[in-house]
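What follows is a set of notes on a single structure, which appears directly below.
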Amino acid sequence: MKRAREQHRTLCISEGERMQEPETVQQMLALHELGWGTRRIAKELGVARNTVKRYLEAGGYAPYASPQRPRKLDDLEGWLQERFLQHRGNCDVVRQELIRVHDLSVSLRTVERACSPYRAELTARARATLRFETPPGKQMQIDFGVASVEIGGQKTPVHLFVATLVYSRLGYVAAFSHERQSAWFAGMEGAFAHFGGIPREVLMDNARPLVDRHDVQTREVVFNARLHAFARHWGFTPKACAPYRPRTKGKVENGVGYVKNNALAGRSFASWQALEAHLAQWQREVADVRSHGTTGESPRDRFEREERPALAPLNGRPPYAQVRQVRRSVSTEACVEVDTHRYSVPWRLIGEVVSVRIEGAQLSIHYAGQEVARHAVLEGTRRRAIDPAHFDGLVGRAFAPRGETTNPGPAQPEPSTAAAQTALSGELARPLTEYEAVTGGAF
């Protein structure tokens with residue numbers, strides 16, 4: 001029948017005859033059953049007599065079907081499925097392996113069509129996560145999330161550190177202006193203090209400040225050396241979740257979303273300190289006392305009853321000493337920039353490179369082996385720590401840039417913008433020895 005249909009289509013094209021619709025063919029068959037001849041049917045329907053004969057001989061209408069052509073990937077279904085699942089649906093990687101392994105070059109679209117039946121299995125594997133409960137005091141999960149929060153009238157990116165005790169679901173949240181290693185360590189230490197104890201292990205993401213390498217195939221994990229030292233100091237075992245499997249630490253993943261959608265939803269804050277105070281209050285009055293959807297009781301009750309006794313005691317253990325050193329150039333405002341904040345230094349050092357040391361809550365600035373400035377580390381973003389004494393003797397007048405001051409001295413007259421620009425851009429380009437001679441000594 002198929003061959004006859006193809007021959008009929010070829011014949012119709014060669015004779016300039018239009019293919020008939022299925023309804024017309026059905027009318028031909030019906031009239032033929034009533035005893036009509038081919039000539040009368042052709043005249044009634046307005047078609048050629050030979051056309052009526054061909055459809056009657058064929059017994060009805062047969063739709064045209066394209067001939068099935070052999071495909072390059074027909075014999076590789078099993079291999080394609082294995083590689084597609086292994087590479088988590090990345091068809092371009094599969095295409096590259098086709099060239100390398102089978103010396104077969106096809107388009108990306110061809111690979112996508114061939115692998116389309118396996119996408120449902122890939123989705124099912126991603127969702128299939130075995131839920132298991134850990135005993136009290138065994139594990140804490142940690143993660144960072146970013147939210148845009150209005151602080152002081154400006155949209156500010158806030159990095160939210162969230163820790164969750166797996167058994168009780170008791171949580172801890174802290175706000176940071178970055179996600180560097182110091183923030184991870186400070187977040188964990190804050191969580192230990194909040195919980196009043198230390199779990200046996202901490203499950204974390206494969207964040208670069210914590211994990212140097214995590215092999216996807218062998219699951220071999222190489223943690224950062226400083227993280228190892230931090231873990232030894234506090235007495236816990238670090239664990240890394242499987243790469244590209246955030247559901248492995250689903251309890252803290254849900255906690256990050258809970259903070260964003262509940263604690264911060266639609267809220268604005270006058271300052272960074274107001275944000276921190278709100279998070280602490282929200283944790284204490286809302287998150288800790290709610291009825292948890294999985295356990296059916298409040299995290300605080302479950303923690304006090306069963307998990308607090310299982311945590312290792314702090315025993316007055318001091319914080320892990322974190323020291324971070326960076327080098328910075330002194331700007332024309334006699335300031336160095338660290339983590340978006342600006343800290344003042346003696347104005348004679350404009351244009352020089354200084355060493356900045358951040359240890360805990362203190363920031364010290366060194367030049368030529370001497371400490372030339374010390375400030376408290378600022379929270380939030382884009383703030384200033386200005387010591388007016390750093391601008392004494394500036395071309396015969398005291399001057400400090402506008403902004404916040406951590407050590408405000410007596411009010412000093414402020415020069416005009418032109419005078420300040422002249423002093424900071426022209427005269428300060430001279431050697432430091434000339435300034436020392438004018439002002440009567442070194443910094």
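For every residue, the table says whether it meets (1) more than 25 Å from ALA186 (Cα to Cα); (2) buried (at least 16 other Cβ atoms within 10 Å of the Cβ); (3) touching a Ser or Thr at 6+ places or on another chain (Cβ under 8 Å); (4) at pLDDT 95 or above.
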{"position": "LEU349", "(1), (2), (3), (4)": "yes, yes, no, yes"}
{"position": "ALA361", "(1), (2), (3), (4)": "no, no, no, no"}
{"position": "VAL377", "(1), (2), (3), (4)": "no, yes, no, no"}
{"position": "THR381", "(1), (2), (3), (4)": "no, yes, yes, no"}
{"position": "PRO388", "(1), (2), (3), (4)": "yes, yes, yes, no"}
{"position": "LEU394", "(1), (2), (3), (4)": "yes, yes, no, no"}
{"position": "ALA398", "(1), (2), (3), (4)": "yes, yes, no, no"}
{"position": "GLY403", "(1), (2), (3), (4)": "yes, no, no, no"}
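The residue that is modelled with the lowest pLDDT, counting only those in segment 300-347 that are charged (D, E, K, R) and under 23 Å from GLY380 (Cβ atoms), is ARG324. Among the residues of segment 172-211, which ones are under 21 Å from the mean Cα position of the chain (by Cα) and exposed (fewer than 13 other Cβ atoms within 10 Å of the Cβ)? Matches in segment 172-211: ARG208 only. Restricting attention to segment 178-197, does a residue exist that is in a loop (DSSP other than H, G, I, E, B), in contact with a Pro (Cβ under 7 Å, 6 or more places away or on another chain) and under 15 Å from ARG308 (Cα atoms)? Yes, the conditions are met somewhere in segment 178-197. List pairs: first in segment 336-358 and within 23 Å of THR156 (Cβ to Cβ), second aromatic (Phe, Trp, Tyr), Cβ under 7 Å, 6+ apart or cross-chain? Hits for this filter: VAL336/TYR343.
The sole residue among HIS278, HIS292 that is within 32 Å of the chain's Cα centre (by Cα), outside any strand (DSSP E or B) and without any contact (Cβ under 8 Å) to a residue 60 or more places away in the chain is HIS278. Among residues of segment 179-200 that are among the acidic types (Asp, Glu), those with a beta-carbon under 6 Å from a residue that is not in a helix (DSSP H, G or I) at least six positions away or on a different chain give the pairs GLU179/PHE144; GLU179/HIS159; GLU189/PRO319.
Kindly establish whether SER268 is closer than 23 Å to ALA389 by Cα and touching a residue at least 24 places away in the same chain (Cβ under 8 Å).
no
The residues in segment 201-212 that are in contact (Cβ under 8 Å) with a residue 40 or more places away in the chain and touching a helix residue (DSSP H, G or I) at 6+ places or on another chain (Cβ under 8 Å) can be counted, and the count is 5. In this structure, PRO209 does not qualify as at pLDDT below 85, more than 30 Å from VAL289 (Cβ to Cβ) and in a loop (DSSP other than H, G, I, E, B). Within this structure, GLY152 passes the test of being small (Gly, Ala, Ser), in the same structural domain as PHE192 (by TED's automatic domain parsing), more than 24 Å from the chain's Cα centre (by Cα) and modelled with pLDDT of 90 or more.
Counting the residues of segment 335-360 that are assigned to a loop (DSSP other than H, G, I, E, B) and touching a strand residue (DSSP E or B) at 6+ places or on another chain (Cβ under 6 Å) gives 2.
The values are calculated or read from the model by the stated rules, or taken from the named source; none is laboratory data. What you are looking at is a predicted structure, and each value in this text was computed from that prediction instead of being measured. Positions of Cβ are generated from backbone atoms using ideal geometry, with glycine treated the same way; all protein chains shown enter the neighbour counts.
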